[in-house]
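Encoded as structure tokens, the structure appears first; notes follow it.
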Amino acid sequence: MRIPDAKVALSTASVYPESTATAFEIAARLGYDGVEVMVWTDPVSQDIEALRRLSDYHGVPVLAVHAPCLLITQRVWSTDPWVKLQRARQAAEKLGASTVVVHPPFRWQRNYAREFVRGVWRMASETDVRFAVENMYPWRYRDREMQAYAPDWDPTTDDYRHFTVDLSHTATARHDALEMAARMGDRLAHVHLADGNGSAKDEHLVPGRGSQPCAELLERLAANGFDGHVVVEVNTRRAMSAAEREADLAEALAFTRLHLASPTWVPGK
């Protein structure tokens, strides 16, 4: 049995509609190794000193910062996407986080998209923080598909120093998650662990409740000595109570730790 050095973190998005502060509390109580802070409309998620106090109080380190790349965060930390990335890097450096997660630009962000690959390389060369570009997915409505991201929803079509693979996004894209992770190779630095069934909606199910190869990916990471972070990023907004939400997050943590320690997958077998 081989257990990698990878730490298992809880995304603060996993407790929505509860607060960022609640995520730290739950992560501490359940025994997560740290948190990934999703910077969004919650003022605490945007406040480095408030995050530092939460981290110190609960004894839960901030392992990653997710830059505000969502539609609902277009005005968080400026409307300039490069400023957002600069502030995410500064937050990571001040909080001791090793990784900034960033989405590819939206297609309508034309100037940003045109310079994105070169710009991410430039920013990555100025810090020890890893900028891990995340796979997204085409937007679908009924039988129509729209390419919403540029240069591409699949970051492996371009040259980045580090990648994030998100298994809910591979489900929505109807793309082979193991094949994508293999193409990322040793540049795969970060994992968003969630499940999905191939719906047009980004589901972020608790791992093991969908069709994605969550267990297989974790086993391969373990076999290869993965030393990045595995972040549980699931949707618990339908939980009927705080206890049900916490049970889902405990199940996700147990699933992740079990399969990161699994001996069942051996390269070449």
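Going through VAL8, VAL76 one at a time, which residue ends up being over 27 Å from ASP159 (Cβ atoms), surrounded by 17 or more Cβ atoms within 10 Å (Cβ to Cβ) and modelled with pLDDT under 95? Reasoning before the result, please.
On the way: VAL8 fails: modelled with pLDDT under 95.
Being over 27 Å from ASP159 (Cβ atoms), surrounded by 17 or more Cβ atoms within 10 Å (Cβ to Cβ) and modelled with pLDDT under 95 holds for just one of VAL8, VAL76, which is VAL76.
May I ask you to list the residues in region 194-223 that are touching a residue at least 40 places away in the same chain (Cβ under 8 Å), among the charged types (D, E, K, R) and under 25 Å from PHE24 (Cα atoms)?
ASP202
From the list ASP42, ASP33, ASP5, which residue is among the acidic types (Asp, Glu) and over 23 Å from LEU217 (Cβ atoms)?
Going through ASP42, ASP33, ASP5 in turn, the sole match is ASP42.
Only one of (1) touching a Ser or Thr at 6+ places or on another chain (Cβ under 8 Å); (2) open to solvent by 10 Å² or more (accessible area, probe 1.4 Å) is not met by PHE163, so which one is it?
(2)
Which of the strands (runs of 3 or more DSSP E) found entirely inside region 117-185 contain at least 2 residues meeting this: in contact with a strand residue (DSSP E or B) (Cβ under 9 Å, 6 or more places away or on another chain) and modelled with pLDDT under 95?
In region 117-185, the matching strands (runs of 3 or more DSSP E) lie at 139-141, 144-146.
Six or more apart or on different chains, Cβ atoms under 7 Å: show the pairs whose first residue is in region 4-20 and in contact (Cβ under 8 Å) with a residue 40 or more places away in the chain and whose second is surrounded by fewer than 17 Cβ atoms within 10 Å (Cβ to Cβ) and not in a helix (DSSP H, G or I).
Close Cβ pairs satisfying both conditions: PRO4/GLY225; PRO4/ASP227; ASP5/ASP227; ALA6/ASP227; TYR16/ARG237; PRO17/ARG237.
Can you tell me which residue is most open to solvent (accessible area, probe 1.4 Å) among those in region 167-182 that are in contact (Cβ under 8 Å) with a residue 40 or more places away in the chain and among the hydrophobic types (A, V, I, L, M, F, W, C)?
Across region 167-182, the extreme among qualifying residues is LEU178.
Search region 21-55 for residues being open to solvent by 60 Å² or more (accessible area, probe 1.4 Å) and free of Cβ contacts under 8 Å to residues at least 60 places away in the same chain, and hand back the single one that is farthest from VAL65 (Cα to Cα).
GLU25
Considering region 188-206 alone, what residues qualify as being open to solvent by 10 Å² or more (accessible area, probe 1.4 Å) and in a loop (DSSP other than H, G, I, E, B)?
ASN197, GLY198, SER199, ALA200, LYS201, ASP202, GLU203, HIS204
Could you list, ordered by first residue, the pairs with Cβ atoms under 7 Å in which the first is in region 224-236 and buried (at least 23 other Cβ atoms within 10 Å of the Cβ) and the second is in a loop (DSSP other than H, G, I, E, B) and of a type outside the set (A, V, I, L, M), at least 6 apart or interchain?
Close Cβ pairs satisfying both conditions: GLU233/HIS204; VAL234/HIS204.
Only residues that are surrounded by fewer than 19 Cβ atoms within 10 Å (Cβ to Cβ) and either touching a strand residue (DSSP E or B) at 6+ places or on another chain (Cβ under 6 Å) or in contact (Cβ under 8 Å) with a residue 60 or more places away in the chain (or both): list them for region 101-116, please.
none
Kindly indicate whether HIS259 is of a type outside the set (A, V, I, L, M), surrounded by 18 or more Cβ atoms within 10 Å (Cβ to Cβ) and assigned to a strand (DSSP E or B).
Spelling it out, it is not the case that HIS259 is of a type outside the set (A, V, I, L, M), surrounded by 18 or more Cβ atoms within 10 Å (Cβ to Cβ) and assigned to a strand (DSSP E or B).
Please work out which one of (1) open to solvent by 20 Å² or more (accessible area, probe 1.4 Å); (2) small (Gly, Ala, Ser); (3) without any contact (Cβ under 8 Å) to a residue 40 or more places away in the chain; (4) farther than 24 Å from PRO61 by Cβ is the condition ALA254 fails and give its number.
Tallying (1) open to solvent by 20 Å² or more (accessible area, probe 1.4 Å); (2) small (Gly, Ala, Ser); (3) without any contact (Cβ under 8 Å) to a residue 40 or more places away in the chain; (4) farther than 24 Å from PRO61 by Cβ, ALA254 fails exactly one: (4).
The values are calculated or read from the model by the stated rules, or taken from the named source; none is laboratory data. Quantities reported herein were computed from a predicted structural model and do not represent experimental measurements. Cβ atoms come from the backbone with ideal geometry, glycine included; neighbour counts cover every protein chain shown. Ligands, DNA and RNA are excluded from the accessible area calculation, which covers all protein heavy atoms including side chains. Shrake-Rupley method; radii C 1.70, N 1.55, O 1.52, S 1.80 Å.
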